[in-house]
1. Could you give the nm distance between label points at Val27 and Ile50, where each point is 7 Å from its Cα heading toward the beta carbon?
2. Given charges of +1 on the Cβ of Lys and Arg and -1 on the Cβ of Asp and Glu, with all other atoms neutral, how large is the dipole of the range 1-64 about its Cα centre, in debye to the nearest 20?
3. So, in Å, what gap is there between the alpha-carbon centers of the range 39-55 and the range 1-36?
4. How much accessible area per residue does the chain have, in Å², with a 1.4 Å probe?
5. Give me, ordered by chain and number, the residues 5 or more places off His78 or on other chains with an amide H under 5 Å from its own placed amide H.
6. Run the numbers for Lys99 and Ser129: contour at 0.36 nm per residue of separation, minus the present Cα-Cα distance, in nm.
7. How far apart, in nm, are two points set 7 Å out from the Cα along the Cα-to-Cβ line at Ser79 and at Leu16?
8. Among all the lysines, which ones have a C-alpha under 18 Å from Lys37's C-alpha, if same-chain residues fewer than 8 places away are not counted?
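The values are calculated or read from the model by the stated rules, or taken from the named source; none is laboratory data. Keep in mind it's a predicted model, so treat the numbers as computed, not measured. So basically every Cβ, Gly included, is an ideal-geometry build from the backbone, and we count neighbours across all protein chains shown. To get the accessible areas, we keep the full protein, side chains included, count just its heavy atoms, and leave off ligands, DNA and RNA. Shrake-Rupley method; radii C 1.70, N 1.55, O 1.52, S 1.80 Å.
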Amino acid sequence: MKGYVLVRGLYSVITLWLLVTIIFAMVRLTGDPVKMKGEVGADPVYLDAIRHNWGLDRPVYAQYASFMGRLLLGDFGHSFEKALPVRTIYFERLPNSLKLGFAAYVISIVIGVPLGMLSALRVNTWWDSAGKLIALLGLSVPGFFLARVLTMFFGV
């Protein structure tokens, strides 16, 4: 059991590293963040000063090493949009995310467990087919689409 937990932990670390690396690369491939954030026709000297302040004037490998080092220390950087530390924004929104996750968990238990039990008790009946269909739809429908439909249904 201990070996299983260690292997799964190692897989989690590798997955997080790959995710962070891919996101870092994708952000760098989309273009210069300073040009995207800066105003049209802004002074190039001003843009260079912003690049220097954010460390974007260094080579990509140095930016990545610095980013990973700060990330390991718990420094998630600053938001370009809000000019606040990302950590502050994250913890500001964490309670609502936890409430939403808990509500989804309760709904899934309240609906999923009885439906699963009913499907198991009534194998090859209408209830079993309905349970399988609902489970398949729950796994297949993208969350953003389902959220939009439920917002339109319950919000209007």
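1. Distance between the two pseudo-spin positions: 1.5 nm.
2. I would put it at about 480 debye.
3. One Cα centre to the other: 29 Å.
4. Ligands and nucleic acids excluded, the figure is 83 Å² per residue.
5. Under 5 Å from the amide H of His78 lie the amide H atoms of Val86, each far enough along the sequence or on another chain.
6. Fully extending the segment from Lys99 to Ser129 adds 7.6 nm.
7. 2.2
8. Output for Lys37: Lys82.
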